[in-house]
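In what follows, a structure is listed as structure tokens, so that the remarks can point back to it.
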Amino acid sequence: MGWLGWVKDTGIAWGSILKYKFTYQGKEYTNAYTSPGSGDYGAAQRYADEHSPGSTLAVKVNPGNPYEAQPVEAFLGGGSLFFWVFLGMGVLFALVGAAAFFFGTTPPVQSI
């Protein structure tokens, strides 16, 4: 695992380069993944601690080209499942609210 620091619009972003090996159909492959950048050094350190040498990692393999394999977490945008569940719930509630506002019915008007 190597450290990587780069400058973004708002300052320094910390990340790490995760090098991993995996076996697919009896053949061993090696690949690397750059973690999502964060302005929080502590978050980058926790990511590195979670992926220390010897730890296991779930990898999604492209059967047509195993060299394109990526960690499963890369498909979640580096975010946690907790984040995506609550983001999805927020979008759902916003859509339901907008539909009720635009397509809701108005009470009937009685003439006097």
The one condition in (1) touching a His at 6+ places or on another chain (Cβ under 7 Å); (2) not in a loop (DSSP other than H, G, I, E, B) that LEU57 fails to fulfil: (2)
Return the pair list, or none, for Cβ contacts closer than 9 Å from residues in segment 17-30 that are over 27 Å from GLN45 (Cα atoms) to residues that are aliphatic (A, V, I, L, M) and loosely packed, with under 13 Cβ neighbours inside 10 Å, at least 6 apart or on different chains. none
Of all residues being of a type in the set (A, V, I, L, M) and out of contact with any strand residue (DSSP E or B) (no Cβ under 9 Å at 6 or more places or on another chain) in segment 30-81, which is modelled with the highest pLDDT? Just the residue, please. LEU81
Counting only residues that are out of contact with any helix residue (DSSP H, G or I) (no Cβ under 9 Å at 6 or more places or on another chain) and not in a loop (DSSP other than H, G, I, E, B), which one in segment 17-29 is modelled with the highest pLDDT? GLU28
Just wondering, is there one or more residues in segment 56-65 that are of a type in the set (A, V, I, L, M, F, W, C), surrounded by fewer than 13 Cβ atoms within 10 Å (Cβ to Cβ) and under 13 Å from LEU18 (Cβ atoms)? yes
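The values are calculated or read from the model by the stated rules, or taken from the named source; none is laboratory data. Keep in mind the model is a prediction, meaning the values are calculated, not measured. Methodologically, a virtual Cβ is constructed for each residue, glycine included, from the backbone with ideal geometry; neighbour enumeration extends over all protein chains shown.
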